[in-house]
Amino acid sequence: MRKFIYTFSVIATLLTLSSCKKYLDINKNPNAATTVDPKLLFSYASVAYINLRSSGDMYIPMALAGQSVSAGGNNPTGWSGGDPSPDIYTFSSNFFNNSWVSLYVRGGANLQQAIRLSETASPVNNNAAAQCKVLLAMMVYDITTTFGDVPYTEAWNSDILYPHFDPQKTVLEGTLTLLDKALAQFDESSPLKIGANADGYDLFYKGDIPKWKKLAKSLKLRTLLTMVDADETKKAAIAALINDGTSFVGSAADNCLIPYQDVAGKRNPKYAISLQYNGGLNFFFATKPVTDIMDPATGGPAISDPRLPKFFDKPAGQTKYIGVVPGADAFDAINPRIAASLQSAAAPEVMYTYQEQLFNEAEIYARGLGVPVDLTTATARFRNGVEASCLYFGVPAAAAKSYADQFNTVFANQAVAIQTIHAQQWVDKMDRGLDAFTQWRRSGPEGSEVPVLTLPIGAPAGPIFRRFEYPITNELSRNPNAPATIKYNVKMWFDL
(Lines give C-alpha, C1' and ligand atoms only; values in the text may rest on other atoms or scores of the structure.)
Protein backbone atom coordinates (compact mmCIF):
# COMPACT_ATOMS: atom_id res chain seq x y z
CA MET A 1 0.00 0.00 0.00
CA ARG A 2 2.86 2.40 0.75
CA LYS A 3 3.72 2.79 -2.90
CA PHE A 4 0.54 4.85 -3.33
CA ILE A 5 1.44 7.37 -0.63
CA TYR A 6 3.40 9.98 -2.51
CA THR A 7 2.45 13.50 -1.50
CA PHE A 8 1.97 14.49 2.10
CA SER A 9 1.66 18.21 2.84
CA VAL A 10 1.74 18.85 6.56
CA ILE A 11 2.77 22.40 7.34
CA ALA A 12 0.41 25.36 7.29
CA THR A 13 1.47 27.83 4.62
CA LEU A 14 1.52 31.55 5.11
CA LEU A 15 0.02 32.26 1.70
CA THR A 16 -2.79 30.21 0.19
CA LEU A 17 -2.71 30.12 -3.59
CA SER A 18 -5.41 28.93 -5.95
CA SER A 19 -4.75 25.81 -7.97
CA CYS A 20 -2.81 26.15 -11.19
CA LYS A 21 -4.63 24.55 -14.12
CA LYS A 22 -1.51 24.12 -16.23
CA TYR A 23 0.60 23.45 -13.18
CA LEU A 24 3.74 22.26 -14.91
CA ASP A 25 4.08 25.33 -17.13
CA ILE A 26 6.97 27.13 -15.49
CA ASN A 27 6.52 30.28 -17.55
CA LYS A 28 2.75 30.62 -17.16
CA ASN A 29 2.00 30.79 -13.48
CA PRO A 30 -1.45 32.18 -12.72
CA ASN A 31 -0.47 32.18 -9.05
CA ALA A 32 2.19 34.85 -9.58
CA ALA A 33 1.34 37.78 -7.33
CA THR A 34 1.95 41.33 -8.55
CA THR A 35 1.35 43.45 -5.45
CA VAL A 36 1.85 41.16 -2.46
CA ASP A 37 4.65 41.87 0.03
CA PRO A 38 7.80 39.98 -1.08
CA LYS A 39 8.21 38.47 2.38
CA LEU A 40 4.98 36.52 1.88
CA LEU A 41 6.24 35.06 -1.39
CA PHE A 42 9.61 34.27 0.19
CA SER A 43 8.02 32.50 3.14
CA TYR A 44 5.63 30.53 0.93
CA ALA A 45 8.53 29.44 -1.30
CA SER A 46 10.56 28.47 1.78
CA VAL A 47 7.78 26.24 3.11
CA ALA A 48 7.14 24.64 -0.28
CA TYR A 49 10.87 23.94 -0.57
CA ILE A 50 11.40 22.28 2.79
CA ASN A 51 8.19 20.29 2.48
CA LEU A 52 9.35 18.90 -0.86
CA ARG A 53 12.81 18.01 0.44
CA SER A 54 11.36 16.07 3.38
CA SER A 55 8.34 14.62 1.58
CA GLY A 56 7.23 11.44 -0.10
CA ASP A 57 7.84 13.04 -3.48
CA MET A 58 11.56 13.75 -3.07
CA TYR A 59 13.02 12.50 0.20
CA ILE A 60 11.62 8.98 0.02
CA PRO A 61 12.58 8.09 -3.58
CA MET A 62 15.96 9.82 -3.35
CA ALA A 63 16.87 8.19 -0.03
CA LEU A 64 15.67 4.74 -1.10
CA ALA A 65 17.08 4.70 -4.63
CA GLY A 66 20.24 6.40 -3.35
CA GLN A 67 20.63 3.58 -0.76
CA SER A 68 20.97 5.83 2.30
CA VAL A 69 17.87 4.19 3.84
CA SER A 70 16.08 0.88 3.24
CA ALA A 71 12.42 0.21 2.40
CA GLY A 72 12.49 -3.16 4.17
CA GLY A 73 11.46 -5.41 1.29
CA ASN A 74 8.69 -7.78 2.40
CA ASN A 75 8.65 -6.54 5.99
CA PRO A 76 4.94 -5.77 6.52
CA THR A 77 5.64 -2.51 8.37
CA GLY A 78 8.43 -1.35 6.07
CA TRP A 79 7.85 1.17 3.31
CA SER A 80 7.67 -1.47 0.60
CA GLY A 81 5.40 -3.78 2.56
CA GLY A 82 6.07 -6.38 -0.11
CA ASP A 83 5.24 -4.01 -2.97
CA PRO A 84 7.75 -2.64 -5.49
CA SER A 85 9.14 0.71 -4.38
CA PRO A 86 11.89 3.19 -5.31
CA ASP A 87 14.59 1.09 -3.65
CA ILE A 88 14.26 -1.29 -6.62
CA TYR A 89 13.57 1.52 -9.09
CA THR A 90 9.79 1.47 -9.22
CA PHE A 91 8.96 5.17 -9.43
CA SER A 92 5.64 6.97 -9.49
CA SER A 93 5.23 9.74 -12.04
CA ASN A 94 4.06 11.84 -9.07
CA PHE A 95 7.63 11.91 -7.77
CA PHE A 96 8.80 13.63 -10.94
CA ASN A 97 5.73 15.82 -11.50
CA ASN A 98 5.38 17.13 -7.96
CA SER A 99 9.09 17.76 -7.51
CA TRP A 100 9.14 19.74 -10.76
CA VAL A 101 6.14 21.91 -9.90
CA SER A 102 7.29 22.53 -6.32
CA LEU A 103 10.72 23.72 -7.39
CA TYR A 104 9.69 25.68 -10.47
CA VAL A 105 6.25 27.09 -9.67
CA ARG A 106 5.76 27.13 -5.91
CA GLY A 107 9.41 27.94 -5.36
CA GLY A 108 11.17 29.58 -8.27
CA ALA A 109 8.28 31.56 -9.77
CA ASN A 110 7.36 33.10 -6.44
CA LEU A 111 10.98 33.97 -5.66
CA GLN A 112 11.47 35.61 -9.05
CA GLN A 113 8.39 37.73 -8.43
CA ALA A 114 9.61 38.59 -4.92
CA ILE A 115 12.95 39.72 -6.38
CA ARG A 116 11.21 41.96 -8.90
CA LEU A 117 8.95 43.48 -6.26
CA SER A 118 11.88 44.06 -3.87
CA GLU A 119 14.01 45.73 -6.53
CA THR A 120 11.23 47.99 -7.81
CA ALA A 121 10.01 49.04 -4.37
CA SER A 122 10.57 52.55 -3.09
CA PRO A 123 12.88 52.42 -1.29
CA VAL A 124 14.52 49.37 -2.85
CA ASN A 125 14.73 46.41 -0.47
CA ASN A 126 18.14 45.06 -1.47
CA ASN A 127 18.39 42.60 1.39
CA ALA A 128 15.04 41.01 0.56
CA ALA A 129 16.08 40.61 -3.07
CA ALA A 130 19.41 39.11 -2.02
CA GLN A 131 17.78 36.70 0.43
CA CYS A 132 15.47 35.55 -2.37
CA LYS A 133 18.44 35.06 -4.72
CA VAL A 134 20.25 32.82 -2.23
CA LEU A 135 17.14 30.70 -1.70
CA LEU A 136 16.57 30.57 -5.47
CA ALA A 137 20.18 29.43 -5.96
CA MET A 138 19.55 26.55 -3.55
CA MET A 139 16.43 25.56 -5.47
CA VAL A 140 18.10 25.79 -8.87
CA TYR A 141 20.97 23.64 -7.59
CA ASP A 142 18.42 21.04 -6.45
CA ILE A 143 16.49 21.25 -9.74
CA THR A 144 19.54 20.48 -11.85
CA THR A 145 21.04 17.84 -9.56
CA THR A 146 17.62 16.15 -9.62
CA PHE A 147 16.77 16.39 -13.34
CA GLY A 148 19.98 17.33 -15.18
CA ASP A 149 19.53 19.73 -18.10
CA VAL A 150 16.62 22.03 -17.24
CA PRO A 151 15.20 25.43 -18.22
CA TYR A 152 17.08 28.26 -16.57
CA THR A 153 17.99 31.15 -18.87
CA GLU A 154 14.46 31.12 -20.32
CA ALA A 155 12.65 29.98 -17.17
CA TRP A 156 10.17 32.20 -15.31
CA ASN A 157 9.74 34.39 -18.40
CA SER A 158 6.09 34.89 -19.35
CA ASP A 159 7.12 36.03 -22.84
CA ILE A 160 8.56 32.58 -23.64
CA LEU A 161 5.93 29.88 -23.97
CA TYR A 162 8.31 26.96 -24.45
CA PRO A 163 11.65 27.49 -22.70
CA HIS A 164 14.80 25.79 -23.89
CA PHE A 165 16.55 23.35 -21.61
CA ASP A 166 20.01 24.57 -20.67
CA PRO A 167 23.01 22.26 -20.24
CA GLN A 168 23.65 21.44 -16.61
CA LYS A 169 26.92 23.37 -16.68
CA THR A 170 25.02 26.52 -17.69
CA VAL A 171 22.49 26.00 -14.90
CA LEU A 172 25.18 25.53 -12.26
CA GLU A 173 26.97 28.62 -13.54
CA GLY A 174 23.64 30.37 -13.08
CA THR A 175 23.55 29.43 -9.40
CA LEU A 176 27.03 30.90 -8.97
CA THR A 177 25.89 34.12 -10.64
CA LEU A 178 22.83 34.32 -8.40
CA LEU A 179 25.01 33.93 -5.32
CA ASP A 180 27.51 36.54 -6.54
CA LYS A 181 24.68 38.98 -7.17
CA ALA A 182 23.26 38.33 -3.72
CA LEU A 183 26.62 38.85 -2.02
CA ALA A 184 27.05 42.16 -3.85
CA GLN A 185 23.52 43.25 -2.98
CA PHE A 186 23.38 42.50 0.75
CA ASP A 187 23.45 45.69 2.83
CA GLU A 188 24.04 45.11 6.53
CA SER A 189 23.44 48.79 7.27
CA SER A 190 19.88 48.72 5.93
CA PRO A 191 16.94 47.90 8.22
CA LEU A 192 14.98 46.68 5.18
CA LYS A 193 15.03 42.89 4.94
CA ILE A 194 12.87 39.81 5.29
CA GLY A 195 12.81 38.99 8.98
CA ALA A 196 13.05 42.61 10.15
CA ASN A 197 11.58 43.29 13.58
CA ALA A 198 11.13 39.57 14.18
CA ASP A 199 8.35 39.48 11.59
CA GLY A 200 8.60 35.67 11.32
CA TYR A 201 8.91 35.51 7.53
CA ASP A 202 12.59 34.50 7.37
CA LEU A 203 12.34 30.93 8.63
CA PHE A 204 16.04 30.28 8.04
CA TYR A 205 17.96 33.07 9.81
CA LYS A 206 15.33 35.50 11.14
CA GLY A 207 16.77 38.36 9.13
CA ASP A 208 20.40 37.84 10.21
CA ILE A 209 22.14 39.19 7.09
CA PRO A 210 25.71 38.21 8.11
CA LYS A 211 24.52 34.59 8.32
CA TRP A 212 22.92 34.86 4.90
CA LYS A 213 26.24 36.08 3.49
CA LYS A 214 28.14 33.18 5.06
CA LEU A 215 25.61 30.75 3.62
CA ALA A 216 25.90 32.26 0.14
CA LYS A 217 29.65 31.84 0.18
CA SER A 218 29.40 28.24 1.42
CA LEU A 219 26.83 27.43 -1.26
CA LYS A 220 29.22 28.81 -3.87
CA LEU A 221 31.91 26.46 -2.60
CA ARG A 222 29.53 23.49 -2.67
CA THR A 223 28.53 24.29 -6.25
CA LEU A 224 32.15 24.60 -7.35
CA LEU A 225 32.95 21.23 -5.77
CA THR A 226 30.04 19.71 -7.68
CA MET A 227 31.42 21.13 -10.94
CA VAL A 228 35.17 20.79 -10.55
CA ASP A 229 35.63 17.21 -11.76
CA ALA A 230 33.83 17.99 -15.02
CA ASP A 231 35.34 21.49 -15.31
CA GLU A 232 38.88 21.79 -13.98
CA THR A 233 38.83 25.58 -14.40
CA LYS A 234 36.78 25.64 -11.20
CA LYS A 235 39.93 24.86 -9.21
CA ALA A 236 40.99 28.48 -9.57
CA ALA A 237 37.57 29.66 -8.42
CA ILE A 238 37.80 27.40 -5.38
CA ALA A 239 41.21 28.84 -4.53
CA ALA A 240 39.92 32.40 -4.87
CA LEU A 241 36.99 31.65 -2.59
CA ILE A 242 39.10 29.90 0.04
CA ASN A 243 41.60 32.76 0.11
CA ASP A 244 39.35 35.83 -0.15
CA GLY A 245 39.27 36.47 3.61
CA THR A 246 35.50 36.46 4.13
CA SER A 247 33.60 33.99 6.26
CA PHE A 248 31.91 30.71 5.40
CA VAL A 249 29.36 28.96 7.59
CA GLY A 250 31.56 28.91 10.68
CA SER A 251 29.69 27.28 13.55
CA ALA A 252 26.56 25.32 14.33
CA ALA A 253 24.83 28.66 14.91
CA ASP A 254 25.19 29.29 11.16
CA ASN A 255 23.48 26.05 10.12
CA CYS A 256 20.85 26.55 7.43
CA LEU A 257 17.75 24.66 8.54
CA ILE A 258 14.10 25.11 9.36
CA PRO A 259 12.66 23.22 12.35
CA TYR A 260 9.18 21.79 12.26
CA GLN A 261 6.82 21.79 15.23
CA ASP A 262 5.02 19.01 17.09
CA VAL A 263 1.69 20.55 16.22
CA ALA A 264 -0.92 19.11 13.89
CA GLY A 265 -0.29 20.45 10.40
CA LYS A 266 3.27 21.54 11.16
CA ARG A 267 5.04 18.24 11.79
CA ASN A 268 8.02 17.00 9.81
CA PRO A 269 6.61 14.99 6.87
CA LYS A 270 9.00 12.12 7.60
CA TYR A 271 7.35 11.73 10.99
CA ALA A 272 3.82 12.60 9.92
CA ILE A 273 3.65 10.03 7.16
CA SER A 274 4.69 7.21 9.52
CA LEU A 275 2.25 8.49 12.15
CA GLN A 276 -0.68 8.52 9.73
CA TYR A 277 0.05 5.36 7.78
CA ASN A 278 2.15 3.12 10.05
CA GLY A 279 0.87 3.75 13.57
CA GLY A 280 3.88 5.93 14.38
CA LEU A 281 6.40 3.18 13.59
CA ASN A 282 9.12 4.41 11.26
CA PHE A 283 8.80 2.88 7.80
CA PHE A 284 12.55 2.88 7.07
CA PHE A 285 15.55 0.78 8.05
CA ALA A 286 19.31 1.24 8.16
CA THR A 287 21.17 0.19 5.02
CA LYS A 288 24.30 -1.92 4.96
CA PRO A 289 26.35 0.71 3.07
CA VAL A 290 25.79 3.16 5.95
CA THR A 291 26.31 0.78 8.87
CA ASP A 292 29.42 -0.71 7.28
CA ILE A 293 31.05 2.73 7.49
CA MET A 294 29.90 3.46 11.04
CA ASP A 295 30.11 0.20 13.01
CA PRO A 296 33.55 -1.31 13.76
CA ALA A 297 31.90 -4.74 13.98
CA THR A 298 31.03 -4.44 10.30
CA GLY A 299 34.13 -2.70 9.02
CA GLY A 300 33.96 0.85 10.40
CA PRO A 301 36.56 2.80 12.46
CA ALA A 302 38.18 1.27 15.53
CA ILE A 303 35.86 3.13 17.90
CA SER A 304 32.13 2.63 17.49
CA ASP A 305 30.48 5.70 16.01
CA PRO A 306 28.45 7.44 18.75
CA ARG A 307 26.00 8.63 16.10
CA LEU A 308 24.78 5.06 15.56
CA PRO A 309 22.12 5.23 18.33
CA LYS A 310 21.21 8.73 17.15
CA PHE A 311 20.61 7.46 13.62
CA PHE A 312 19.06 4.06 14.34
CA ASP A 313 16.93 2.24 16.91
CA LYS A 314 18.65 -1.12 17.38
CA PRO A 315 16.47 -4.19 18.06
CA ALA A 316 16.53 -5.47 21.64
CA GLY A 317 19.26 -8.06 22.16
CA GLN A 318 21.32 -7.02 19.16
CA THR A 319 24.96 -6.09 19.80
CA LYS A 320 25.64 -4.80 16.29
CA TYR A 321 23.96 -2.43 13.89
CA ILE A 322 23.19 -4.66 10.93
CA GLY A 323 22.00 -2.67 7.94
CA VAL A 324 19.77 -4.14 5.26
CA VAL A 325 21.35 -5.09 1.95
CA PRO A 326 19.70 -2.78 -0.63
CA GLY A 327 16.56 -4.43 -1.97
CA ALA A 328 16.56 -7.23 0.62
CA ASP A 329 13.97 -7.93 3.31
CA ALA A 330 14.38 -6.35 6.74
CA PHE A 331 13.80 -8.36 9.92
CA ASP A 332 12.57 -6.62 13.05
CA ALA A 333 14.69 -8.78 15.36
CA ILE A 334 17.88 -8.07 13.41
CA ASN A 335 17.80 -4.81 11.48
CA PRO A 336 17.55 -1.35 13.08
CA ARG A 337 14.99 1.18 11.93
CA ILE A 338 15.69 4.86 11.48
CA ALA A 339 15.66 6.36 14.98
CA ALA A 340 12.41 7.89 16.16
CA SER A 341 14.44 10.79 17.55
CA LEU A 342 16.10 11.46 14.17
CA GLN A 343 12.80 11.72 12.32
CA SER A 344 10.78 13.27 15.11
CA ALA A 345 7.80 15.58 14.67
CA ALA A 346 9.95 18.67 15.26
CA ALA A 347 13.07 17.49 13.42
CA PRO A 348 14.35 20.22 11.07
CA GLU A 349 14.81 20.11 7.33
CA VAL A 350 18.51 20.80 6.79
CA MET A 351 20.02 22.60 3.81
CA TYR A 352 23.62 23.23 4.95
CA THR A 353 25.65 22.65 8.12
CA TYR A 354 28.92 23.59 9.76
CA GLN A 355 30.20 20.01 9.53
CA GLU A 356 29.43 20.01 5.81
CA GLN A 357 31.60 23.09 5.45
CA LEU A 358 34.46 21.50 7.38
CA PHE A 359 34.28 18.29 5.34
CA ASN A 360 34.26 20.30 2.11
CA GLU A 361 37.36 22.21 3.18
CA ALA A 362 39.02 18.94 4.20
CA GLU A 363 38.32 17.58 0.72
CA ILE A 364 39.78 20.67 -0.93
CA TYR A 365 43.08 20.36 0.95
CA ALA A 366 43.23 16.57 0.55
CA ARG A 367 42.69 16.77 -3.21
CA GLY A 368 44.67 19.95 -3.77
CA LEU A 369 41.77 21.71 -5.49
CA GLY A 370 43.25 25.11 -6.30
CA VAL A 371 45.52 24.87 -3.27
CA PRO A 372 48.58 22.70 -2.58
CA VAL A 373 47.82 19.25 -1.19
CA ASP A 374 47.99 19.66 2.59
CA LEU A 375 47.11 16.49 4.48
CA THR A 376 47.77 18.12 7.85
CA THR A 377 45.14 20.79 7.24
CA ALA A 378 42.83 18.21 5.66
CA THR A 379 43.14 16.03 8.76
CA ALA A 380 42.37 18.91 11.11
CA ARG A 381 39.32 20.03 9.15
CA PHE A 382 38.10 16.44 8.87
CA ARG A 383 38.56 15.69 12.56
CA ASN A 384 36.65 18.85 13.50
CA GLY A 385 33.94 17.99 10.99
CA VAL A 386 33.44 14.59 12.61
CA GLU A 387 33.15 16.21 16.03
CA ALA A 388 30.73 18.86 14.73
CA SER A 389 28.60 16.15 13.13
CA CYS A 390 28.45 14.17 16.36
CA LEU A 391 27.46 17.26 18.32
CA TYR A 392 24.82 18.18 15.77
CA PHE A 393 23.14 14.80 16.12
CA GLY A 394 23.07 15.03 19.92
CA VAL A 395 26.15 13.08 20.97
CA PRO A 396 27.44 14.34 24.36
CA ALA A 397 30.48 16.60 24.02
CA ALA A 398 32.92 14.22 25.73
CA ALA A 399 31.90 11.29 23.53
CA ALA A 400 32.01 13.44 20.41
CA LYS A 401 35.55 14.58 21.24
CA SER A 402 36.71 11.06 22.08
CA TYR A 403 35.42 9.69 18.80
CA ALA A 404 36.84 12.55 16.74
CA ASP A 405 40.23 12.31 18.45
CA GLN A 406 40.91 8.95 16.80
CA PHE A 407 41.30 10.97 13.59
CA ASN A 408 44.02 13.28 14.95
CA THR A 409 46.78 11.35 13.20
CA VAL A 410 47.58 12.88 9.82
CA PHE A 411 46.19 10.85 6.93
CA ALA A 412 48.70 8.28 5.70
CA ASN A 413 48.35 9.34 2.09
CA GLN A 414 46.13 11.27 -0.28
CA ALA A 415 44.05 8.27 -1.37
CA VAL A 416 43.19 7.34 2.22
CA ALA A 417 42.32 10.95 2.98
CA ILE A 418 39.94 11.32 0.04
CA GLN A 419 38.25 7.96 0.69
CA THR A 420 37.77 8.69 4.40
CA ILE A 421 36.48 12.22 3.88
CA HIS A 422 33.97 11.17 1.23
CA ALA A 423 32.69 8.36 3.46
CA GLN A 424 31.96 10.77 6.29
CA GLN A 425 30.43 13.36 3.96
CA TRP A 426 27.90 10.72 2.87
CA VAL A 427 27.19 9.35 6.35
CA ASP A 428 26.60 12.84 7.74
CA LYS A 429 23.94 13.40 5.04
CA MET A 430 22.33 9.98 5.49
CA ASP A 431 18.95 11.52 6.35
CA ARG A 432 19.10 14.26 3.70
CA GLY A 433 17.88 12.35 0.65
CA LEU A 434 18.93 14.40 -2.38
CA ASP A 435 21.98 15.89 -0.63
CA ALA A 436 23.37 12.45 0.22
CA PHE A 437 22.70 11.25 -3.32
CA THR A 438 24.42 14.27 -4.90
CA GLN A 439 27.40 13.84 -2.57
CA TRP A 440 27.70 10.19 -3.58
CA ARG A 441 27.50 10.94 -7.32
CA ARG A 442 30.28 13.53 -7.14
CA SER A 443 32.56 11.43 -4.90
CA GLY A 444 34.31 9.68 -7.77
CA PRO A 445 33.99 8.44 -11.35
CA GLU A 446 31.54 5.63 -12.05
CA GLY A 447 32.50 2.54 -10.09
CA SER A 448 34.79 4.48 -7.72
CA GLU A 449 32.18 6.43 -5.75
CA VAL A 450 32.27 6.39 -1.95
CA PRO A 451 30.84 4.09 -0.83
CA VAL A 452 30.71 1.69 -3.76
CA LEU A 453 27.04 0.91 -4.34
CA THR A 454 25.72 -2.01 -6.36
CA LEU A 455 22.45 -2.84 -8.08
CA PRO A 456 19.78 -3.56 -5.43
CA ILE A 457 18.30 -7.03 -5.15
CA GLY A 458 15.20 -7.16 -7.34
CA ALA A 459 16.03 -4.06 -9.39
CA PRO A 460 15.95 -4.24 -13.20
CA ALA A 461 19.24 -5.19 -14.80
CA GLY A 462 21.36 -2.26 -15.90
CA PRO A 463 23.16 0.71 -14.36
CA ILE A 464 22.12 1.96 -10.93
CA PHE A 465 20.01 5.03 -10.17
CA ARG A 466 21.44 8.41 -11.25
CA ARG A 467 18.56 10.91 -11.57
CA PHE A 468 14.86 11.64 -11.67
CA GLU A 469 13.25 11.30 -15.07
CA TYR A 470 11.53 14.31 -16.63
CA PRO A 471 7.79 14.61 -15.88
CA ILE A 472 6.27 13.85 -19.27
CA THR A 473 2.94 15.62 -18.83
CA ASN A 474 1.46 19.00 -19.69
CA GLU A 475 4.29 21.43 -20.47
CA LEU A 476 7.01 18.88 -21.16
CA SER A 477 4.89 16.74 -23.45
CA ARG A 478 4.00 19.81 -25.49
CA ASN A 479 7.29 21.71 -25.35
CA PRO A 480 9.17 21.19 -28.64
CA ASN A 481 12.35 22.25 -26.83
CA ALA A 482 12.10 19.55 -24.18
CA PRO A 483 14.66 16.75 -24.49
CA ALA A 484 13.74 13.17 -25.17
CA THR A 485 12.96 10.93 -22.23
CA ILE A 486 16.09 10.23 -20.19
CA LYS A 487 16.06 7.12 -18.02
CA TYR A 488 16.72 7.15 -14.30
CA ASN A 489 20.07 5.37 -14.76
CA VAL A 490 21.70 7.88 -17.16
CA LYS A 491 24.45 10.05 -15.68
CA MET A 492 24.45 13.85 -15.70
CA TRP A 493 27.22 16.24 -16.77
CA PHE A 494 28.77 16.57 -13.29
CA ASP A 495 28.51 12.83 -12.60
CA LEU A 496 31.56 11.31 -14.27
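Name the residues in the range 30-47 that are surrounded by fewer than 23 Cβ atoms within 10 Å (Cβ to Cβ) and either in contact with a helix residue (DSSP H, G or I) (Cβ under 7 Å, 6 or more places away or on another chain) or modelled with pLDDT under 95 (or both), would you? Show your work before the answer.
Quick first cut of the range 30-47, residues surrounded by fewer than 23 Cβ atoms within 10 Å (Cβ to Cβ) only: 30-37, 40, 47.
Pro30, Asn31, Ala32, Ala33, Thr34, Thr35, Val36, Asp37 - these are the residues of the range 30-47 that are surrounded by fewer than 23 Cβ atoms within 10 Å (Cβ to Cβ) and either in contact with a helix residue (DSSP H, G or I) (Cβ under 7 Å, 6 or more places away or on another chain) or modelled with pLDDT under 95 (or both).
Is it the case that the range 411-425 has a residue that's closer than 23 Å to Gly148 by Cβ and out of contact with any Ser or Thr (no Cβ under 6 Å at 6 or more places or on another chain)? Spell out the reasoning first.
Initially, the range 411-425 is screened for residues closer than 23 Å to Gly148 by Cβ, giving 422, 425.
Retained after the next criterion (residues that are out of contact with any Ser or Thr (no Cβ under 6 Å at 6 or more places or on another chain)): 425.
Yes, the conditions are met somewhere in the range 411-425.
Are any of the residues in the range 339-352 small (Gly, Ala, Ser), buried (at least 18 other Cβ atoms within 10 Å of the Cβ) and more than 28 Å from Ile457 (Cα to Cα)?
The first filter runs over the range 339-352 and keeps only residues small (Gly, Ala, Ser), leaving 339-341, 344-347.
Keeping just the survivors that are buried (at least 18 other Cβ atoms within 10 Å of the Cβ) gives 339, 345, 347.
Applying the additional criterion that residues be more than 28 Å from Ile457 (Cα to Cα) yields 345, 347.
There is at least one residue in the range 339-352 that is small (Gly, Ala, Ser), buried (at least 18 other Cβ atoms within 10 Å of the Cβ) and more than 28 Å from Ile457 (Cα to Cα).
One line per residue, one yes/no per condition, for (1) over 22 Å from the mean Cα position of the chain (by Cα); (2) among the aromatic types (Phe, Trp, Tyr); (3) not in a helix (DSSP H, G or I):
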{"site": "Lys193", "(1), (2), (3)": "yes, no, yes"}
{"site": "Gly207", "(1), (2), (3)": "yes, no, yes"}
{"site": "Pro210", "(1), (2), (3)": "yes, no, no"}
{"site": "Leu224", "(1), (2), (3)": "no, no, no"}
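Quick check: anything in the range 104-120 surrounded by 20 or more Cβ atoms within 10 Å (Cβ to Cβ) and either part of a loop (DSSP other than H, G, I, E, B) or not assigned by TED's automatic domain parsing to the domain that holds Leu178 (or both)?
Going residue by residue through the range 104-120, those that are surrounded by 20 or more Cβ atoms within 10 Å (Cβ to Cβ) are 104-115, 117-118.
When the remaining residues are screened for being either part of a loop (DSSP other than H, G, I, E, B) or not assigned by TED's automatic domain parsing to the domain that holds Leu178 (or both), the result is none.
No, that holds for no residue.
Going by the structure shown, is Trp493 within 21 Å of Leu219 (Cβ to Cβ) and surrounded by fewer than 21 Cβ atoms within 10 Å (Cβ to Cβ)? Please lay out each step first, then the result.
Working: within 21 Å of Leu219 (Cβ to Cβ): yes; surrounded by fewer than 21 Cβ atoms within 10 Å (Cβ to Cβ): yes.
The answer is yes for Trp493.
With a cut-off of at least 2 residues that are farther than 23 Å from Gly250 by Cβ and touching a residue at least 12 places away in the same chain (Cβ under 8 Å), name the helices (runs of 4 or more DSSP H) lying wholly within the range 358-434.
Working: elements: 375-392, 397-405, 414-428.
Counting at least 2 such residues, we get 397-405, 414-428.
Considering the range 340-359 alone, what residues qualify as being under 21 Å from Lys217 (Cβ atoms) and more than 15 Å from the chain's Cα centre (by Cα)?
Of the residues in the range 340-359, the ones under 21 Å from Lys217 (Cβ atoms) are 350-359.
Once the filter is applied, which keeps residues that are under 21 Å from Lys217 (Cβ atoms) and more than 15 Å from the chain's Cα centre (by Cα), the range 340-359 yields Leu358, Phe359.
Select from the range 264-278 the residues that are in contact (Cβ under 8 Å) with a residue 24 or more places away in the chain and not in a helix (DSSP H, G or I) and write down the one among them that is nearest to Tyr59 (Cα to Cα).
Asn268
Output the residue which, of all residues in the range 197-235 that are in contact with a Gly (Cβ under 9 Å, 6 or more places away or on another chain) and modelled with pLDDT under 95, is surrounded by the most Cβ atoms within 10 Å (Cβ to Cβ).
Asp199
Does Thr145 satisfy the condition of being outside any helix (DSSP H, G or I), more than 30 Å from Ile334 (Cβ to Cβ) and of a type outside the set (D, E, K, R)?
No: the conditions fail for Thr145.
Assigned to a helix (DSSP H, G or I), at pLDDT 95 or above and not basic (Lys, Arg): does that describe Leu257? So that I can check it myself, show each step before the final result.
Working: assigned to a helix (DSSP H, G or I): no; at pLDDT 95 or above: yes; not basic (Lys, Arg): yes.
So Leu257 fails the test.
The values are calculated or read from the model by the stated rules, or taken from the named source; none is laboratory data. It should be emphasised that the depicted structure is a prediction, and the values quoted were computed from it without experimental measurement. Positions of Cβ are backbone-derived with ideal geometry, glycine not excepted, and every protein chain shown enters the neighbour counts.
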